[in-house]
1. What's the total number of residues in the range 180-191 that are exposed (fewer than 15 other Cβ atoms within 10 Å of the Cβ) and not in a loop (DSSP other than H, G, I, E, B)?
2. Quick one: is residue 37 loosely packed, with under 14 Cβ neighbours inside 10 Å and closer than 24 Å to residue 166 by Cβ?
3. Of the residues 119, 113, only one is within 17 Å of residue 8 (Cβ to Cβ), in contact with a strand residue (DSSP E or B) (Cβ under 8 Å, 6 or more places away or on another chain) and crowded, with 20+ Cβ neighbours inside 10 Å; which?
4. Given the conditions (1) touching a helix residue (DSSP H, G or I) at 6+ places or on another chain (Cβ under 6 Å); (2) surrounded by fewer than 21 Cβ atoms within 10 Å (Cβ to Cβ), report the number of the one that residue 126 does not fulfil.
5. Give me the pairs: first residue in the range 277-297 and in the same structural domain as residue 173 (by TED's automatic domain parsing), second residue modelled with pLDDT under 95 and part of a helix (DSSP H, G or I), beta-carbon distance under 7 Å, and six or more apart or on different chains, which are they?
6. Could you pull out every one of the strands (runs of 3 or more DSSP E) wholly within the range 47-89 that has 3 or more residues that are in the same structural domain as residue 26 (by TED's automatic domain parsing), in contact with a strand residue (DSSP E or B) (Cβ under 7 Å, 6 or more places away or on another chain) and touching a residue at least 24 places away in the same chain (Cβ under 8 Å)?
7. State which residue pairs qualify: first residue at negative phi and inside the range 168-192, second residue surrounded by fewer than 22 Cβ atoms within 10 Å (Cβ to Cβ) and in a loop (DSSP other than H, G, I, E, B) in any location, beta carbons under 7 Å apart, and separation of 6 or more residues or different chains.
8. Here's a check for you: in the range 286-316, which residue that is within 19 Å of residue 173 (Cβ to Cβ) and crowded, with 16+ Cβ neighbours inside 10 Å is modelled with the lowest pLDDT?
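The values are calculated or read from the model by the stated rules, or taken from the named source; none is laboratory data. Only a predicted model underlies this, so the values are computations on that prediction, with no experimental measurement involved. With ideal geometry, Cβ positions are generated from the backbone for all residues, glycine too; neighbour counts draw on all protein chains shown.
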């Protein structure tokens with residue numbers, strides 16, 4: 001992972017998880033694979049945060065261009081907003097937003113982007129209780145209430161609280177690849193990722209409601225190395241079981257055969273890649289361990305209606321504007 005340069009806009013009334021959730025994703029990525037540089041800046045050198053806790057050491061708003069991979073704008077409790085400081089930050093964003101490769105807002109942070117005039121004509125979202133307010137502040141924005149986050153060009157906006165984690169995982173995948181975002185999600189004991197247009201990717205947790213450490217170890221290995229040509233002997237070796245015992249034990253614990261389970265995982269990753277990349281079906285089939293697009297279509301017919309191409313045409317949400 002290259003060094004990630006991140007800036008965080010610090011404002012009064014900040015929602016703690018809006019900040020900590022996304023930052024935990026970044027710090028986990030740093031521990032697993034690379035380096036991280038984070039700067040915290042805002043209109044005040046400190047702010048009240050959580051009960052008696054105070055956050056200090058906040059830099060002044062930079063007045064020269066700051067090259068950032070990501071600018072994070074956490075949300076704020078509405079009754080704690082200081083109007084004058086809010087306007088200072090909106091004005092600063094209007095001038096300096098171009099210095100960041102990507103701008104990500106969490107929850108009501110989207111309202112500040114709207115106040116700065118950055119969302120006109122763009123898809124965006126915020127907490128469901130603030131959607132009408134967002135539409136009033138930015139009537140030219142394309143406000144969406146049916147998703148947990150949106151991506152439009154270099155702007156990522158999320159619905160709030162826990163969805164900041166999903167949005168940061170999405171950005172990490174875009175910036176550093178699926179393998180790292182998957183590893184981070186596993187370390188954080190999360191769904192491997194929720195996409196912006198699905199409430200959750202439950203397939204990743206399907207069949208995990210048991211306490212057999214050997215089967216969990218195998219499931220982790222399958223999820224992290226889907227491209228691998230998994231044979232029954234290889235899976236049995238990973239689980240440290242005989243092939244016969246593994247087949248019986250896996251079915252009893254998960255309700256699925258090993259083949260069904262592995263195919264479901266591969267198809268879930270294929271769906272994500274069809275939504276989030278411009279790769280050909282042949283490349284996607286190879287990436288998820290199905291070899292070629294013909295095998296992908298064959299596996300698809302076992303669990304889905306229609307064809308992969310039809311599904312992709314309906315669900316694809318790679319930014320096209």
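1. 1
2. Here the answer is yes, as residue 37 does meet what is asked.
3. Step by step, each of 119, 113 is checked, and only 113 is within 17 Å of residue 8 (Cβ to Cβ), in contact with a strand residue (DSSP E or B) (Cβ under 8 Å, 6 or more places away or on another chain) and crowded, with 20+ Cβ neighbours inside 10 Å.
4. That leaves (2) as the condition not met.
5. Short answer, once both residue conditions are applied: none.
6. Hits in the range 47-89: 47-50, 68-73.
7. Between residues of the range 168-192 that are at negative phi and residues that are surrounded by fewer than 22 Cβ atoms within 10 Å (Cβ to Cβ) and in a loop (DSSP other than H, G, I, E, B), the close pairs are 176/1; 180/1; 185/191; 191/200; 191/201; 192/201.
8. 312
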